[in-house]
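Q: Have a look at this one.
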Amino acid sequence: MRIATQNLAPREALAEHEQKRLALACLQGAWTDAAHDGIDGDCLAQTALFLALAELSSTYGEEATARYAENLGTRIRNGEFSVKLSRQ
């Protein structure tokens, strides 16, 4: 399992697309580590959704998060989340 360490060196704020790219890489690494440790992919997915929705609720409130979630069905059916994830 990877342990995150705080980088104390000052750095410039990253552009949103770069933050998303780095976040995805971090989460994919953690996902791979958890799968290697024997955690089922379905369990990982449900836990990731729970944490994501909890974070959105904390940041934007429950009503805004509910409105966001209402649009997920359409986005899923339109293939927005149909990506090929690399499995190691």
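Read the figures in this text as sums done on the coordinates, not as results from a lab. Remember, predicted model here, so these are calculated numbers, not experimental data. As a convention, Cβ positions derive from the backbone with ideal geometry for all residues, glycine included, and neighbour counts pool all protein chains shown.
Q: Give me the number: length gained by fully extending L53 to T74, i.e. 0.36 nm times residue separation minus the C-alpha to C-alpha distance, one decimal in nm.
A: 5.8 nm
Q: May I ask for the percentage of alpha-carbon pairs in the range 16-77 that lie more than 15 Å from each other?
A: 64
Q: With +1 on each Lys and Arg Cβ and -1 on each Asp and Glu Cβ, how big is the dipole of the range 16-77 about its Cα centre, in debye rounded to the nearest 20?
A: 280
Q: Related question: If I model a spin label as a point 7 Å beyond the Cα along the Cα-Cβ vector, how far apart are those points for C43 and Y60 in nm?
A: Each label point lies 7 Å from its Cα, and together they span 3.0 nm.
Q: Roughly how many nanometres apart are two label points built 7 Å out from the Cα toward the Cβ at F81 and C26?
A: Label at F81, label at C26, 2.1 nm between them.
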